Amino acid sequence: MSVNKDSKYHSLSKEVYEQILGDREHGKINPYACKDSDIIRRQPDHDAPHLWRPAFVMDVEKILHNNYYNRYSDKTQVISCYKNDDISRRALHVQLVSRIARTIGMTLGLNLDLIEAISLGHDIGHTPFGHAGERYLNEIYNEHTGRLFNHNIHSARVLDKLIFRNISLQVLDGVICHNGEMEQQCYTPKTFNADDPWGEFDRSVEDCYTDPSANKKQIPGTLEGCIMRISDIIAYLGKDRQDAIKIGLISNDDSFSAGSLGSSNAQIIHNMTVNIIENSYGKPYISMDPDVYETFSKAKTENYHNIYNNDSLNTMYNDNIKPMFYCIYKELLRQAKSKDTNSILYKHHVNYIKDANRYSNYFGKKEFINNYLSQDPNEIVVDFIASMTDDYFIDLYEYLFPDGPYKVDYVGYFDNI
């Protein structure tokens, strides 16, 4: 058990603290960490690691230089349509996840490069307008195809299919298993299929497109993936409260239960970090105390009640953003079916994908784009819409429908003075 739980900021127990110091002094290596030599790539003959560029560092850099990485900067985390640089976008969120996960992983002796790669790539396939946008795109996609859209699965599609850079199985596995909406008291990694790891992965991905329950069943194959998964929730719990206070959605964080974690962002991050280290050091799983888990789970429920399901946010989404999704999807699907190379879909998306892969040494570029265009047109439309930032989406709607009935009015910096 960790000590000083009655204070605002918890501490590690003396036993665990001294164990960590002693293990470091003797150079003890965590036997449960994912080793660089364990890396699994689709094309193992490519991307040999270097002394200055180890295996998972290569994946970090591949993700940072992915053409879609820049688009994190204008994708909603929770709060949309505010001209306020102090409100979190996904670009900040993935950095916060990476930092929290690396702090925990460093103390536990895990592979920090793997943690960073999963963290930075986990939301790269997310839609504009956060989880509201994800709901709308899933709804429309399902109506047209009977298939499901989940942002974690689409993030893997971006990294593994759309802009192929031979990203490792361990990273892609962590990405599809990061489902930050599901908290658990204990995270125990699965064992990868030794005979057919990629077949197992591809089947898991396909299951998530067809089975509504499959996405919630995905279990990371590494402790690093487990750490990133819990850190995803830690990163947004308190930060979303800060953002909601900044725009006046809630007055303060006093309406949230403090429990054993506290209610502020700093307290939640610190105390969750300490408790996970306390309960997980030297173990083949990631865990926390029962009372901490209970408080953590309750805190997420309170965020839904006070922030995510707030009527003022959802009214704007449902009255304007949702019908805009339907209008844009319908028009882009028409363009995809017509195969008009002068259309917005081709100029802004198909050519973008083609250009992003022009220096790839992994496959024939002409063959790749021909195969891409031979898909169900709905897949191409979903790829394009999911890639958009909030502003890109709104600008596209106004371009396609200059006299359209739907409009999003941004709240400016000085509107509430």
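Do we find that C186 is open to solvent by less than 10 Å² (accessible area, probe 1.4 Å) and either over 27 Å from N351 (Cβ atoms) or not aromatic (F, W, Y) (or both) in this structure? So C186 does not fit the description; no.
May I ask you to verify whether Y372 is closer than 26 Å to N66 by Cα, surrounded by fewer than 19 Cβ atoms within 10 Å (Cβ to Cβ) and touching a residue at least 12 places away in the same chain (Cβ under 8 Å)? Taking the combined requirement at face value, the residue satisfies it.
Need at least 1 residues that are of a type outside the set (S, T, N, Q) and within 21 Å of G130 (Cβ to Cβ) per element, so show me which helices (runs of 4 or more DSSP H) inside the stretch 292-375 make the cut, counting only ones lying wholly within it.
Values: elements: 311-316, 322-338, 351-356, 365-373.
Filter on the stretch 292-375 gives 311-316, 322-338.
Being free of Cβ contacts under 8 Å to residues at least 60 places away in the same chain, of a type outside the set (D, E), open to solvent by less than 90 Å² (accessible area, probe 1.4 Å) and assigned to a loop (DSSP other than H, G, I, E, B) is true of A48.
Out of all the residues in the stretch 195-204, is one or more of a type in the set (K, R), more than 23 Å from F368 (Cα to Cα) and in a helix (DSSP H, G or I)? Checked against the condition, which is being of a type in the set (K, R), more than 23 Å from F368 (Cα to Cα) and in a helix (DSSP H, G or I), the stretch 195-204 yields no hits at all. Among residues of the stretch 14-33 that are without any contact (Cβ under 8 Å) to a residue 24 or more places away in the chain and at negative phi, none has a Cβ under 7 angstrom from a residue that is open to solvent by less than 100 Å² (accessible area, probe 1.4 Å) and part of a helix (DSSP H, G or I) at a sequence gap of 6+ or on a separate chain. The set of residues from the stretch 189-204 being surrounded by fewer than 20 Cβ atoms within 10 Å (Cβ to Cβ) and either within 25 Å of L237 (Cβ to Cβ) or of a type outside the set (S, T, Y) (or both) comprises K190, F192, N193, A194, D195, D196, P197, W198, G199, E200, D202, R203.
The stretch 83-145 holds helices (runs of 4 or more DSSP H) entirely within its bounds, and those carrying 1 or more residues that are under 11 Å from the mean Cα position of the chain (by Cα) and of a type in the set (K, R) map to 90-108.
Quick check on R41: is it under 21 Å from M228 (Cβ atoms), open to solvent by less than 40 Å² (accessible area, probe 1.4 Å) and in a helix (DSSP H, G or I)? Explain how you work it out, then say what you get.
Details: under 21 Å from M228 (Cβ atoms): yes; open to solvent by less than 40 Å² (accessible area, probe 1.4 Å): yes; in a helix (DSSP H, G or I): no.
No, not satisfied.
Annotation: of all residues in the stretch 381-417 being open to solvent by less than 10 Å² (accessible area, probe 1.4 Å) and without any contact (Cβ under 8 Å) to a residue 60 or more places away in the chain, the one that is nearest to K246 (Cα to Cα) is F384.
Given G225, G238, G221, which one is assigned to a helix (DSSP H, G or I) and at pLDDT 95 or above?
None of the other options fit; the residue is G225.
The values are calculated or read from the model by the stated rules, or taken from the named source; none is laboratory data. Everything numeric in this text was worked out from a predicted model, so none of it was measured. No Cβ is skipped: glycine too gets one built from the backbone with ideal geometry, and neighbour counts run over all protein chains shown. The protein model used for the area step is the full one, side chains on, heavy atoms only, and it has no ligands, DNA or RNA in it. Shrake-Rupley method; radii C 1.70, N 1.55, O 1.52, S 1.80 Å.
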